[in-house]
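Enquirer: So that we are looking at the same thing, I have put the structure below in structure tokens.
The values are calculated or read from the model by the stated rules, or taken from the named source; none is laboratory data. Since the structure is predicted, the reported quantities are computational estimates derived from the model, not experimental observations. Every residue, glycine among them, receives a Cβ derived from its backbone with ideal geometry; neighbour counts consider all protein chains shown.
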Amino acid sequence: MKEILNVDNEEYARKCFEKAVEIGIDFKLNGSVKEKNFNVTDLEKLLLLPSDGSNPMEVLTEFNDEIVPYCTNFSNENFMGFPDAGNSIAGISGAIVSDFMQQNLINSTFCAPIATFMEFAVIKWLRELVGYEIVPIKSVFDSGGIITYGGTGSNTTAMLLARENFRKNTMFTGVNNPEDFKVIIPKGIGHYSIKSACMWIGCGDNVIEVETKDFKYDLDELKRTLVENKGHVMCVVAYVGDSRTMTIDNLEEIYKIVKDVDENIWLHADACHGFSLAFSSKLKDKIRGINLFDSISTDPHKVLAIPYCISALLLKNPEKLKLVSSTSDLIMQEDFAYGQVTPFIGSKSWISLKLWFAMKSIGINGYEKIIDRRCEMAKYLENQINNSEDFVMINDVNINSVVFMYVGDKSNLNSSMVDKLNELNLALYERLLKEGKYYLHKFSLPDSKGVFEKDVNLIPLRYMSGNDNITGEDINNMLDHIRILAKEIVDE
């Protein structure tokens, strides 16, 4: 059969794999964010179950002609809404090779005899970067972290660890009195995964939102909330680059406040974006104190140009992994079987290999240049907006998120303009999405800085690029394009 790789069809298989790589490269290097918009009325055609298959080359041709034009190109310079560029040559190579290798990180001796130890290495590298103590690895319980498929998985595992740390053996006895298992997050900027995780692990919707100042915890309110709920808080979450504004919280101050009230409270740093500053000698001081936290979630696929998906949850105390270990005769009870300590995941592909490839290829010094330049480009856009007459900044740039609004004329801003400007910026987002030339993100956000009025709800645009190819000219062209679209919308 041509569909199953063997020595008899090697030449044909090589041509198919070459064609697949060619499609991928052509897609990443094309000039559009998206060529076509998919119409949901065509969904029935996609849902048809094929009875007679086609050979792989025919399927590749069909995919290239009928599917690729509808895909969003995260690697295009005009894709400016997410940082997930995924265009590291080494990272992509690692992703390809890992699928060929077919290693399963659930067991070590026969499923992943060397992949397991390479995953230990990747986790150790990340732990070193954030400043965690490194211990000799004599078993999987010394690894000090786990690889997951995304930040939501890492954050959910962190909440599970917080629950077990708060009430021992809850995995066996179940959650009694869910209202006692409270988690504290900053108001208006918390990531959805925390609330979802608490509900998934049986703790209910018992998240407490604490007021913020400039997208950080109001520290006085945090202390008051902790004291008021003493004995009922299992975790406090701080953001090392929240998913909207990329603001980095006051990590050392939060640690001191929390531990002074109750040393048993689990401190989790959602650093899916911000951990990347650890590569930069110039910027790493911004995340000072992150090593004090009990757990840290990181997303290399967001910030290290790695293709989807790879996240890592790192632990200050590696022994805490035992809190969530599980046993089965299907998971080998051996020293290095990762399946014992990775909740919610059974069989697991070698997703850490793409990070191993990228780290080996780019290195600390190479990533330092990438991270520094990324932040410089964000600062460049911030400067362009501040010096413009028709855009306003909504946040202070901490990393690479630039939250802004088109206002037409910023000489006389007031709260009465907010509804109309929200409507205009939402229309701009929808126009960008439809035409496919540029992409900027949008979401709702409280006006924490009081640009219009303190805490009034805004719907801004957001630039956040992880693409090392982006230039100042690309940014200027984007702003000019927004101006053109805004004029068209106002004139309609």
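Enquirer: Only one of (1) buried (at least 19 other Cβ atoms within 10 Å of the Cβ); (2) assigned by TED's automatic domain parsing to the domain that holds THR109; (3) modelled with pLDDT of 95 or more fails for PHE336. Which number is that?
Expert: The single condition PHE336 does not satisfy is (3).
Enquirer: Please specify each residue of the stretch 438-464 satisfying the condition of being among the hydroxyl-bearing types (Ser, Thr, Tyr) and either touching a helix residue (DSSP H, G or I) at 6+ places or on another chain (Cβ under 7 Å) or surrounded by fewer than 21 Cβ atoms within 10 Å (Cβ to Cβ) (or both). Before you say what the answer is, go through the steps one by one.
Expert: Residues of the stretch 438-464 that are among the hydroxyl-bearing types (Ser, Thr, Tyr), as a first pass: 438-439, 444, 448, 463.
Selection gives TYR438, TYR439, SER444, TYR463.
Enquirer: Looking at the stretch 379-492, what strands (runs of 3 or more DSSP E) fall wholly within it and have at least 2 residues that are within 27 Å of the chain's Cα centre (by Cα) and either over 19 Å from ASN78 (Cβ atoms) or of a type in the set (Asp, Glu) (or both)?
Expert: Numbers: elements: 391-393, 402-406, 461-463.
Because the criterion is at least 2 residues that are within 27 Å of the chain's Cα centre (by Cα) and either over 19 Å from ASN78 (Cβ atoms) or of a type in the set (Asp, Glu) (or both), the strands (runs of 3 or more DSSP E) in the stretch 379-492 that meet it are 391-393.
Enquirer: Suppose we filter ILE96, ILE106, ILE89, ILE147 for residues that are of a type in the set (Val, Ile, Thr) and buried (at least 22 other Cβ atoms within 10 Å of the Cβ); which single one remains? Talk me through it step by step, then tell me what you get.
Expert: On the way: ILE96 fails: buried (at least 22 other Cβ atoms within 10 Å of the Cβ); ILE106 fails: buried (at least 22 other Cβ atoms within 10 Å of the Cβ); ILE89 fails: buried (at least 22 other Cβ atoms within 10 Å of the Cβ).
The match here is ILE147.
Enquirer: Also, quick follow-up: What number of residues within the stretch 190-210 are in a loop (DSSP other than H, G, I, E, B) and either out of contact with any strand residue (DSSP E or B) (no Cβ under 9 Å at 6 or more places or on another chain) or in contact (Cβ under 8 Å) with a residue 60 or more places away in the chain (or both)?
Expert: Of the residues in the stretch 190-210, 5 are in a loop (DSSP other than H, G, I, E, B) and either out of contact with any strand residue (DSSP E or B) (no Cβ under 9 Å at 6 or more places or on another chain) or in contact (Cβ under 8 Å) with a residue 60 or more places away in the chain (or both).
Enquirer: Going residue by residue through the stretch 21-41, is there one that turns out to be farther than 30 Å from GLU430 by Cα and modelled with pLDDT of 95 or more? Step through it out loud before you land on a result.
Expert: Of the residues in the stretch 21-41, the ones farther than 30 Å from GLU430 by Cα are 21-22.
Going one step further and asking which of them are modelled with pLDDT of 95 or more, we end up with 21-22.
Yes: the stretch 21-41 contains one or more residues that are farther than 30 Å from GLU430 by Cα and modelled with pLDDT of 95 or more.
Enquirer: Let me ask something else about it. Given the options ASP294, ASP270, ASP262, name the one that is crowded, with 23+ Cβ neighbours inside 10 Å, touching a residue at least 12 places away in the same chain (Cβ under 8 Å) and among the acidic types (Asp, Glu). Steps first, please.
Expert: Working: ASP294 fails: crowded, with 23+ Cβ neighbours inside 10 Å; ASP262 fails: crowded, with 23+ Cβ neighbours inside 10 Å.
Of ASP294, ASP270, ASP262, the one residue that is crowded, with 23+ Cβ neighbours inside 10 Å, touching a residue at least 12 places away in the same chain (Cβ under 8 Å) and among the acidic types (Asp, Glu) is ASP270.
Enquirer: Just need a number here: residues in the stretch 1-41 that are among the polar types (S, T, N, Q) and surrounded by 11 or more Cβ atoms within 10 Å (Cβ to Cβ). Give the steps one after another, and end with the answer.
Expert: The first filter runs over the stretch 1-41 and keeps only residues among the polar types (S, T, N, Q), leaving 6, 9, 30, 32, 37, 39, 41.
If we keep only those that are surrounded by 11 or more Cβ atoms within 10 Å (Cβ to Cβ) too, we end up with 9, 30, 32, 37.
Residues in the stretch 1-41 being among the polar types (S, T, N, Q) and surrounded by 11 or more Cβ atoms within 10 Å (Cβ to Cβ): 4 in total.
Enquirer: Just for the stretch 283-330: of the residues that are assigned to a strand (DSSP E or B), small (Gly, Ala, Ser) and over 29 Å from ILE92 (Cβ atoms), which one is modelled with the lowest pLDDT? Walk me through how you get there before you give the answer.
Expert: Quick first cut of the stretch 283-330, residues assigned to a strand (DSSP E or B) only: 295-298, 311-315, 328.
Checking the rest, the ones that are also small (Gly, Ala, Ser) come to 295, 297, 311-312, 328.
Next cut, over 29 Å from ILE92 (Cβ atoms) only: 295, 328.
Working: SER295: 98, SER328: 67.
Within the stretch 283-330, the match that is modelled with the lowest pLDDT is SER328.
Enquirer: Related question: For ILE385, which of the numbered conditions (1) of a type outside the set (Gly, Ala, Ser); (2) surrounded by 14 or more Cβ atoms within 10 Å (Cβ to Cβ); (3) out of contact with any Phe, Trp or Tyr (no Cβ under 6 Å at 6 or more places or on another chain) fails to hold?
Expert: (3)
Enquirer: Let me ask something else. Condition first: surrounded by 17 or more Cβ atoms within 10 Å (Cβ to Cβ) and touching a residue at least 24 places away in the same chain (Cβ under 8 Å). Now tell me which residues in the stretch 124-141 satisfy that. Step through it out loud before you land on a result.
Expert: Of all residues in the stretch 124-141, those surrounded by 17 or more Cβ atoms within 10 Å (Cβ to Cβ) come to 124, 126-127, 129-130, 132, 137, 140-141.
Within the stretch 124-141, LEU126, ARG127, LEU129, VAL130, TYR132, VAL140, PHE141 meet the criteria.
Enquirer: For the structure I just gave you, tell me whether LEU413 is surrounded by 21 or more Cβ atoms within 10 Å (Cβ to Cβ) and in contact (Cβ under 8 Å) with a residue 24 or more places away in the chain. Walk me through how you get there before you give the answer.
Expert: Numbers: surrounded by 21 or more Cβ atoms within 10 Å (Cβ to Cβ): no; in contact (Cβ under 8 Å) with a residue 24 or more places away in the chain: yes.
When the stated conditions are applied, LEU413 does not pass them.
For every residue, the table says whether it meets (1) over 28 Å from MET393 (Cα atoms); (2) within 12 Å of the chain's Cα centre (by Cα); (3) not assigned by TED's automatic domain parsing to the domain that holds ASN155.
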| site | (1), (2), (3) |
| --- | --- |
| GLY202 | yes, no, no |
| VAL207 | yes, no, no |
| VAL233 | yes, no, no |
| ILE248 | no, no, no |
| ASP270 | no, yes, no |
| HIS273 | no, yes, no |
| LEU283 | no, no, no |
| LYS302 | no, yes, no |
| ALA305 | no, yes, no |
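Enquirer: Ok, one more. Considering every residue within the stretch 200-217, establish whether at least one is of a type in the set (A, V, I, L, M), over 26 Å from GLY145 (Cβ atoms) and surrounded by fewer than 24 Cβ atoms within 10 Å (Cβ to Cβ). Please lay out each step first, then the result.
Expert: Of the residues in the stretch 200-217, the ones of a type in the set (A, V, I, L, M) are 201, 207-208, 210.
Subset that is over 26 Å from GLY145 (Cβ atoms): 208, 210.
If we keep only those that are surrounded by fewer than 24 Cβ atoms within 10 Å (Cβ to Cβ) too, we end up with 208, 210.
Checking the stretch 200-217: at least one residue is of a type in the set (A, V, I, L, M), over 26 Å from GLY145 (Cβ atoms) and surrounded by fewer than 24 Cβ atoms within 10 Å (Cβ to Cβ).
Enquirer: Looking at the stretch 211-232 only, could you name the residues that are under 16 Å from TYR255 (Cα atoms) and either in contact with a strand residue (DSSP E or B) (Cβ under 6 Å, 6 or more places away or on another chain) or in a loop (DSSP other than H, G, I, E, B) (or both)? Give the derivation first.
Expert: Initial filter on the stretch 211-232 (under 16 Å from TYR255 (Cα atoms)): 216-227, 230.
Of everything in the stretch 211-232, those that are under 16 Å from TYR255 (Cα atoms) and either in contact with a strand residue (DSSP E or B) (Cβ under 6 Å, 6 or more places away or on another chain) or in a loop (DSSP other than H, G, I, E, B) (or both) turn out to be TYR217, ASP218, GLU221, LEU222, THR225, LYS230.
Enquirer: Could you check LYS15 against (1) among the charged types (D, E, K, R); (2) without any contact (Cβ under 8 Å) to a residue 40 or more places away in the chain; (3) in a helix (DSSP H, G or I) and say which number it fails?
Expert: (2)
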